Amino acid sequence: MEKIQKQYLAALRAEMAKAGVNTVIISGTDPHQSENPPAHWRDREWLTGFWSTNGTNGTAVVTPDQALCWTDSRYFIQAADQLKDTGFSMMEEDGPNAVNLVDWVTENTPKGAVAAIDGTTFSVSQAQRMEQEFTDNGIIFKTDFCPFDTINPERPPRPGNKLFVHDEAIVGESVDSKIERTLAEVKKEMANAVMLSSLDDIAWATNLRTAGDIAFSPIFVSYLYLSGEQRILFADADKINDEVMLHLEKYRIEAKGYDEVFDFVHSLPKSVRLLTDPAKTSRTLYDSMNCTPVFGGAGVAKLKSIKNESMLGSLDKAMEKDGVALTRFFMMVEKELPSGKLTEVLLAERLREIRLSDPTCVDESFASIVGFNGHGAIVHYEPTPETDVAIEGNGLLLVDSGGQYTLGTTDITRTIAIGTPTAAMKHDFTLVLKGHIALANAVFPEGTTGHQLDALARQFLWNEGKAYYHGTGHGVGFFINCHEGPQNIRLNTNPTPLEPGMITSNEPGLYLEDRYGIRLENLIETVPAMNTEFGQFLKFRTATLFPFDLSLCDTSIMTNDEISWLNDYHLMVRNRLTPLLSPEEAEWINIRTRPLTR
């Protein structure tokens with residue numbers, strides 16, 4: 001059936017014709033380069049029909065006769081399905097059939113024609129790459145084409161949710177201390193002021209949060225200017241109540257309207273050397289600057305990635321709460337499975353209810369991924385009434401979920417057997433588990449980066465000609481974003497070293513289209529290991545507390561050390577969770593953390 005996106009596409013092309021635009025490139029994000037933008041800026045999803053509650057990575061390109069949407073390998077299956085009959089075709093951003101978007105636009109836009117973007121939703125670095133390539137090839141580049149208020153009369157307004165103060169007893173650091181450390185990093189980069197655009201940086205620096213601006217992340221739409229003389233938060237006035245105003249006044253932070261940021265940066269004199277992160281600052285904001293921009297910001301971005309002792313202690317409490325919630329959830333799955341009434345959508349709803357029954361859990365950290373058999377092979381699958389299937393028969397159930405607790409952010413994936421798993425399922429599960437354990441056991445010298453460790457998690461799959469193409473690990477925020485930089489563990493080169501206090505995921509997987517998916521995820525903390533004549537060495541401490549499915553372990557391909565690691569981990573889970581559980585729940589955990597033997 002033809003989808004309404006074809007009507008949206010026709011309306012966009014009409015606006016392009018009026019503006020003299022041949023090619024328009026549409027971002028999937030907002031002025032802050034958010035991974036999961038507020039509804040107001042989710043224009044690419046609205047236009048293409050390629051969407052999810054958690055957000056989707058994608059960039060659309062529209063010309064008079066073509067409409068394309070680029071995305072990465074996590075979304076290939078989902079995008080190919082959702083883009084059917086919309087007028088859009090999927091383009092692969094990575095993998096063996098990848099096509100570079102900028103190169104495609106350059107080759108398919110006539111010389112002298114206009115290629116346009118909305119500069120508020122593209123970063124400085126993205127726009128500069130386009131501008132250089134297009135200009136070199138005789139293409140006119142415009143950064144002020146903003147058609148969506150015109151073609152989408154139901155476009156949601158900018159979010160106006162109230163802010164609240166995150167308890168500094170939990171955070172373990174005052175706003176003054178954070179600003180002082182931020183400005184120290186600014187000075188190192190030969191600048192004397194900074195404009196923070198990234199919303200997680202702003203939430204961290206101000207100890208402020210909100211619920212509702214961005215789904216599943218308690219961060220808020222704003223900008224933050226810091227210098228030795230001024231501290232200014234640019235946010236819509238209706239977001240600030242009396243408690244928040246007192247908090248701002250306590251830390252000498254002036255409040256200005258969100259849209260005032262453009263006139264403000266234009267008014268700054270040349271003597272202001274404004275530290276500007278080109279990957280997080282919008283092209284439009286950059287073009288408004290009259291001061292002296294200094295590109296950089298890596299040191300500032302890293303500050304929030306290193307958690308202090310108060311945060312780490314609180315996170316351990318959040319992990320215990322999460323382990324209790326998951327125990328109750330998977331017990332429910334086992335008890336109700338024979339009824340034949342369980343479906344993917346129902347399980348996602350029940351898991352949310354169980355997590356949020358704890359008063360310290362403000363929200364999920366993302367919409368739960370609950371995929372049975374073939375749906376588990378869709379890396380970022382989100383069950384909907386249209387895709388929902390019953391949990392019945394034999395197979396694998398993949399559940400990837402997390403919570404936004406005021407005590408910290410959690411993210412965990414478990415794959416469990418439903419009915420009787422096949423030998424192939426057990427074999428593949430164990431290959432993934434072996435990779436998970438190899439990374440969890442890593443010992444490495446100070447200065448090691450995540451991409452240097454990534455192959456540890458993939459080696460057992462590679463040995464059999466199998467692979468996964470998403471990252472093995474992402475940084476995790478503290479009651480901020482579930483996905484946080486600058487560190488990660490993936491094949492792509494990343495210069496950021498892993499340092500003590502960083503929280504990162506460990507989540508290798510395997511995905512067999514239309515058959516099943518496997519992912520096993522814990523959060524790990526980088527901690528000191530030993531100091532030798534060769535310097536300081538680091539290792540990981542596993543923070544997540546929930547058992548792996550022992551029924552899927554093929555001990556014939558596991559080493560004694562791997563079995564010992566799993567037994568030690570399960571002993572920790574049992575010891576930490578048992579005091580928090582009812583007798584029935586404790587017995588359930590006791591059985592599922594029993595020692596694994598050959």
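The values are calculated or read from the model by the stated rules, or taken from the named source; none is laboratory data. Computed from a predicted model, the values in this text were never measured in an experiment. Cβ sites come from the backbone with ideal geometry, for glycine too, and all protein chains shown count toward neighbours. Areas reflect the complete protein model, heavy atoms only, side chains present, ligands, DNA and RNA absent. Shrake-Rupley method; radii C 1.70, N 1.55, O 1.52, S 1.80 Å.
Observations
- Sorting the Cα pairs of segment 81-186 by distance into bins of 5 Å, from 0 upward, gives 2, 8, 10, 12, 14, 13, 10, 9, 11, 7, 3, 0 percent per bin.
- Links that overshoot a 24 Å alpha carbon limit, given the list Lys178/Lys307; Lys304/Lys539; Lys434/Lys539; Lys18/Lys256; Lys426/Lys539: Lys18/Lys256; Lys426/Lys539
- Positive minus negative residues near Pro547 (Lys, Arg vs Asp, Glu; Cβ under 9 Å): +2
- Total formal charge among the other residues, if their Cβ is under 10 angstrom from that of Cys361, Lys/Arg +1 and Asp/Glu -1: -1
- Total formal charge among the other residues, if their Cβ is under 14 angstrom from that of Thr109, Lys/Arg +1 and Asp/Glu -1: -4
- Segment 359-396: GluC sites (Glu not before Pro) in DSSP loop, at most 12 other beta carbons within 10 Å: Glu386
- C-alpha long axis of helix 124-136 to longest principal axis of the chain, angle in °: 60 degrees
- Across all directions, the average projected area of the convex hull around the alpha carbons of the chain is 28.2 nm².
- Diffusion constant of segment 316-463 at 37 °C, which comes from Stokes-Einstein with the Kirkwood Cα-pair radius and 0.692 mPa s, µm²/s: 195 µm²/s
- In loop segments of segment 300-394 as defined by DSSP, the trypsin sites (Lys or Arg not before Pro) with at most 16 further C-beta atoms inside 10 Å of their C-beta are Lys341.
- Helix 560-577 and the longest principal axis of the C-alpha atoms of the chain enclose an angle of approximately 80°.
- Mean Cα-pair separation over length for segment 45-126, i.e. relative contact order, pairs under 8 Å, 6 or more apart, %: 22 percent
- Cα long-axis angle, helix 309-336 against the chain (0 to 90 degrees, to the nearest 10): 60 degrees
- Accessible area of segment 473-557 divided out per residue, in Å², using a probe of 1.4 angstrom: 34 Å²
- Residue-level accessible surface for Thr387, protein heavy atoms, 1.4 Å, Å²: 50 Å²
- Per DSSP, loop GluC sites (Glu not before Pro) in segment 149-215 with at most 10 further Cβ within 10 Å: Glu154
- Backbone amide hydrogens, once placed in the peptide plane, bring Arg231 within less than 5 Å of Glu254, excluding anything fewer than 5 places away on its chain.
- Accessible carbon and sulfur surface of the chain relative to its total accessible area, %, 1.4 Å: 52 percent
- Reciprocal mean inverse distance between Cα atoms of segment 231-316 - Kirkwood radius, Å: 15.3 Å
- Between amide H atoms placed 1.01 Å from N, distances below 5 Å from Met502 occur with Lys307, Thr526, all of them 5 or more places distant or on a separate chain.
- Relative contact order for the chain: 11 percent, from Cα pairs under 8 Å spaced at least 6 residues apart, divided by residue count.
- Across the protein chains, with a 1.4 Å probe defining accessible surface, the residues Tyr75, Tyr8 rank Tyr8, Tyr75 from largest area downward.
- Segment 481-525 versus segment 260-300: alpha-carbon centroid distance in Å: 32 Å
- Only DSSP H runs of four or more residues enter the estimate; each adds -39500 (n - 2.57), and after division by the residues of the chain the mean residue ellipticity at 222 nm equals -10500 deg cm²/dmol.
- Convex hull per residue volume in Å³, alpha carbons only, for segment 9-155: 107 Å³
- Cα pair distances exceeding 18 angstrom across segment 294-353, given as percent: 59 percent
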